Amino acid sequence: MAVFLFYGQEEYLMEKEIKKLKNELLDASFMSMSYKVFDNPDFNTLMDCVQSAPLMFGNTLSIINIEKYLIGNKMTLDDKQIDSVNYALSNLSDNVNIIFVCKISRDENKKPDSRKKLYKTLSKYSQVREFAQYRSYDKQLQSEILKMAKEKDLTISSDNVSFLIEQLGVNLTLIDSELEKLKIAIH
């Protein structure tokens, strides 16, 4: 059993981590039955997901996007519903893995509201990880782009990395797309 709470503006790194966990936790031959994605589900669907057990052997992985629950007041849960989520997470099957995801727009400087009971409940049972967007002056940004290029079998100089940052900004999804275009153009 693994429960995670991912939040932040850097969608590229978040998706990369989800893909890594998906490959580690799930058997590829049962992927269609054991992998599900939910987008801001209502309470009943949320509970069905948290309480579900695998149909066969192996693990399940559910990705539950919960931005509307944790940012603003678009969707809320009452105390009884929070208690139900708390109970379900405390009695989770060993083969059930859940990643709660709260993607935040790049132009917003928001974080999930840590005062909300749902956030407190999720953080109690999950590994919380923030994926903050890089700033152009972050030292790790260049090394991250070099790593992205290496994964695509590209060699790029630090001057060219600086040029990419100047031209494209710090959106790693956009930079990854441009690196993919370069790879195709080269081959």
Item checked: Subset of the stretch 172-183 [out of contact with any Lys or Arg (no Cβ under 7 Å at 6 or more places or on another chain) and open to solvent by 30 Å² or more (accessible area, probe 1.4 Å)] -> 173, 174, 176, 177, 178, 181, 182
Checklist line | residue 4 buried (at least 18 other Cβ atoms within 10 Å of the Cβ) and either in contact (Cβ under 8 Å) with a residue 12 or more places away in the chain or not hydrophobic (A, V, I, L, M, F, W, C) (or both) | finding: yes
Note to self: Quick check on the stretch 29-38. Is at least one of its residues out of contact with any strand residue (DSSP E or B) (no Cβ under 7 Å at 6 or more places or on another chain) and within 17 Å of residue 126 (Cα to Cα)?
What the structure shows: no
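Out of the residues in the stretch 32-48 meeting the condition of being of a type in the set (S, T, N, Q) and over 20 Å from residue 78 (Cβ atoms), tell me which one is modelled with the highest pLDDT. Break it down into steps so the answer makes sense when it comes.
To start, the set of residues in the stretch 32-48 that are of a type in the set (S, T, N, Q) comprises 32, 34, 40, 44-45.
With the extra rule that they be over 20 Å from residue 78 (Cβ atoms), the set shrinks to 32, 34.
Details: 32: 78, 34: 85.
Result: 34.
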Notebook entry, point to check: If we scan the stretch 94-105, do we find a residue that is touching a residue at least 24 places away in the same chain (Cβ under 8 Å), assigned to a loop (DSSP other than H, G, I, E, B) and within 30 Å of residue 168 (Cβ to Cβ)?
Noted result: yes
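Quick check on my filter: what residues within the stretch 121-161 are outside any helix (DSSP H, G or I), of a type outside the set (D, E, K, R) and open to solvent by less than 100 Å² (accessible area, probe 1.4 Å)? Steps first, please.
Pass one, the stretch 121-161, residues outside any helix (DSSP H, G or I): 126-138, 152-157.
Next cut, of a type outside the set (D, E, K, R) only: 126-128, 131-134, 136-137, 154-157.
Of everything in the stretch 121-161, those that are outside any helix (DSSP H, G or I), of a type outside the set (D, E, K, R) and open to solvent by less than 100 Å² (accessible area, probe 1.4 Å) turn out to be 126, 128, 131, 132, 133, 134, 136, 154, 156, 157.
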Note to self: Out of 107, 48, 113, I need the residue that is closer than 30 Å to residue 160 by Cα and open to solvent by 20 Å² or more (accessible area, probe 1.4 Å). Which one?
What the structure shows: 107
Check: For residue 95, which of the numbered conditions (1) within 27 Å of residue 31 (Cα to Cα); (2) crowded, with 18+ Cβ neighbours inside 10 Å; (3) touching a strand residue (DSSP E or B) at 6+ places or on another chain (Cβ under 9 Å) fails to hold?
Finding: (2)
Next item on the list: State whether one or more residues within the stretch 80-88 are of a type outside the set (S, T, N, Q), crowded, with 18+ Cβ neighbours inside 10 Å, in contact (Cβ under 8 Å) with a residue 60 or more places away in the chain and within 24 Å of residue 22 (Cα to Cα).
Entry: no
Next item on the list: Quick one: in the stretch 16-31, of everything that is under 19 Å from residue 133 (Cα atoms) and in contact (Cβ under 8 Å) with a residue 12 or more places away in the chain, which residue is least open to solvent (accessible area, probe 1.4 Å)?
Entry: 18
Item checked: Filtered residues of the stretch 51-108 (kept if closer than 14 Å to residue 39 by Cα and touching a Leu at 6+ places or on another chain (Cβ under 6 Å)) -> 69, 100, 102
Next item on the list: Working only within the stretch 101-142, note down all residues that are out of contact with any helix residue (DSSP H, G or I) (no Cβ under 9 Å at 6 or more places or on another chain) and more than 18 Å from residue 65 (Cα to Cα).
Entry: 107, 109, 115, 137, 139, 140
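The values are calculated or read from the model by the stated rules, or taken from the named source; none is laboratory data. The shown structure was predicted, so the numbers you read here are calculated from the model rather than taken from an experiment. Note: ideal-geometry Cβ built from the backbone for every residue, glycine included; neighbour counts use all protein chains shown. Ligands, DNA and RNA are excluded from the accessible area calculation, which covers all protein heavy atoms including side chains. Shrake-Rupley method; radii C 1.70, N 1.55, O 1.52, S 1.80 Å.
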